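The values are calculated or read from the model by the stated rules, or taken from the named source; none is laboratory data. Nothing here was measured: the structure is a model prediction, and the numbers come from that model. So basically every Cβ, Gly included, is an ideal-geometry build from the backbone, and we count neighbours across all protein chains shown. Remember, those area values only see protein heavy atoms, side chains included, never the ligands or the DNA or RNA. Shrake-Rupley method; radii C 1.70, N 1.55, O 1.52, S 1.80 Å.
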Amino acid sequence: MAVVLRSSPLLWARVAAMVFACVAFSVALYGANLTHGTGDWCVFCWSFSFVGTLLIILVEMFGLQTRAPVSWKNFPITFACYASLLCLSASIIFPLYFMKGYAGRTEIFNCRITSTVFSCLATIAYLSEVSLSKARPGEVAGYMATAPGLLKVCETFVACIIFVFISEPVSYNQNAATQWCLSVYCICFILSAAIIVMCVGECTGCLPFSFARFLSSYALLAVVMYLSATIIWPIYKFDEKHGGHSHRPNSCGSGTGLCSWDKLLAISVLSALNFILYLADLIYSARLVFVNV
């Protein structure tokens, strides 16, 4: 089996991302003294990104793209986009939980700084890979290499963060309005994830209807649903007339990480962010239908 390794900016971006992620989790495991469960999540982000990128490089090195059980036009850029978001989340979460207010041994603190720096570098490298891999105007590429495809990845990732904040502690079971918000997050996440799986698995041709028109219709539905959640959630969580709390408790500033009130605020911000992402998705999807169909 011939080994082919052609030097290109895309290859070097992948190698850099793989090396930076490897250094981040290696230093963290070696001397960062990760005593909180959040540290395990950060190590997972870095190690998952490292292993996935190594696998992609090996597949392309040995020319196994045609034997892979996924669409190679869609899989590498989808993984790179998820990896960039994972490393970005680790770059924010890790210092928040392990460097904020730390007054322990200098060696441990230095290891934590090193992991954070290399996590940021890995994020930049993965974003560079996404930029190099995305479709250019007039170029024939997989759906995941287009703007709507990349937006789908961001939408599902933001929804996952919402699920983490909304479930610990549970903050959606007070009334029917907040339960509707949870339904919005779940339905849109499931449909967006299903679209990504179908594209990566090359199953879109099996649908009994036009995939492009389905994308446009779904994007419109998601915009309307997320608009309602973006309005309803802060009303029932921060308006005192509806049982909310408009002021941040004093106890929130004493502990590490985010307190319950901070998580409620984060859900509001992330809901608005996903609304914007779905709105952009709708615009691109509508152009895909009415311009190309």
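Numbers at a glance
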read-out: Residue that is buried (at least 16 other Cβ atoms within 10 Å of the Cβ), more than 15 Å from the chain's Cα centre (by Cα) and either of a type in the set (Gly, Ala, Ser) or part of a helix (DSSP H, G or I) (or both), where the choices are 221, 132; value: 132
read-out: Residue list for the range 24-54, filter: surrounded by fewer than 19 Cβ atoms within 10 Å (Cβ to Cβ), within 16 Å of residue 95 (Cβ to Cβ) and of a type in the set (A, V, I, L, M, F, W, C); value: 41
read-out: Residue 5 being within 25 Å of the chain's Cα centre (by Cα) and either over 17 Å from residue 121 (Cα atoms) or at pLDDT below 95 (or both); value: no
read-out: Hits in the range 138-148 - residues which are without any contact (Cβ under 8 Å) to a residue 12 or more places away in the chain and of a type outside the set (Gly, Ala, Ser); value: 139, 140
read-out: Within the range 238-256, tally of residues that are open to solvent by 20 Å² or more (accessible area, probe 1.4 Å) and either within 22 Å of residue 287 (Cα to Cα) or in a helix (DSSP H, G or I) (or both); value: 7
read-out: Enumeration of residues in the range 105-122 that are charged (D, E, K, R) and open to solvent by 60 Å² or more (accessible area, probe 1.4 Å); value: 105, 107
read-out: Residues that are assigned to a loop (DSSP other than H, G, I, E, B) and either at positive phi or among the aliphatic types (A, V, I, L, M) (or both), drawn from the range 43-69; value: 63, 64, 68
read-out: Qualifying residue in the range 264-277 (condition: touching a Gly at 6+ places or on another chain (Cβ under 9 Å), at negative phi and touching a residue at least 12 places away in the same chain (Cβ under 8 Å)); value: yes
read-out: The range 149-178: number of residues that are in contact (Cβ under 8 Å) with a residue 12 or more places away in the chain and in a helix (DSSP H, G or I); value: 19
read-out: Residue 194 vs. criteria in a helix (DSSP H, G or I), among the small types (Gly, Ala, Ser), within 22 Å of the chain's Cα centre (by Cα) and surrounded by 17 or more Cβ atoms within 10 Å (Cβ to Cβ); value: no
read-out: Which listed residue is within 16 Å of residue 87 (Cβ to Cβ) and either of a type in the set (S, T, N, Q) or out of contact with any Lys or Arg (no Cβ under 9 Å at 6 or more places or on another chain) (or both), from 167, 115; value: 115
read-out: Filter result for residue 39 (modelled with pLDDT under 95, touching a Phe, Trp or Tyr at 6+ places or on another chain (Cβ under 8 Å) and assigned to a helix (DSSP H, G or I)); value: yes
read-out: Residues satisfying the stated conditions in the range 147-185, i.e. open to solvent by 40 Å² or more (accessible area, probe 1.4 Å), farther than 22 Å from residue 41 by Cα, hydroxyl-bearing (Ser, Thr, Tyr) and at pLDDT below 95; value: 172
read-out: The range 69-102 - residue that is among the β-branched types (Val, Ile, Thr) and surrounded by 23 or more Cβ atoms within 10 Å (Cβ to Cβ) and, of those, farthest from residue 165 (Cα to Cα); value: 77
read-out: Matching entry among 28, 16, 32, 24 (being touching a residue at least 24 places away in the same chain (Cβ under 8 Å), over 23 Å from residue 149 (Cα atoms), among the aliphatic types (A, V, I, L, M) and in contact with a Lys or Arg (Cβ under 7 Å, 6 or more places away or on another chain)); value: 32
